[in-house]
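The values are calculated or read from the model by the stated rules, or taken from the named source; none is laboratory data. For clarity, every value in this text was computed on a predicted model and none was experimentally measured. Cβ: placed from backbone, ideal geometry, glycine included. Neighbour counts: every protein chain shown.
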Amino acid sequence: MTDIAKFARHHPGPEKASLLALVLFDELLSSLRHKGVLSRNDVTGLLQTTANNLSQNPSAIAKRGARFIQDAMLPVE
């Protein structure tokens, strides 16, 4: 069972969690760009798509993001 008081003490809250997600996303895009996986236009397109998708279902966005990362980072067999 979850200890709600302990969870509340350690949970970053929605504002800090959102900032963390943006920082991680920025680092991921920078890393992919540095490794040559993404071009400058790819990064710009991803940022524009992300901004447009913010009003959509978070679950669908997360699934598309996970699929993109899998396609971009994992070698095709």
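Note on region 22-61: residues that are surrounded by 11 or more Cβ atoms within 10 Å (Cβ to Cβ) and of a type in the set (Gly, Ala, Ser) amount to 4. Among residues of region 1-59 being within 21 Å of residue 72 (Cβ to Cβ), among the hydroxyl-bearing types (Ser, Thr, Tyr) and in a helix (DSSP H, G or I), the one that is modelled with the highest pLDDT is 31.
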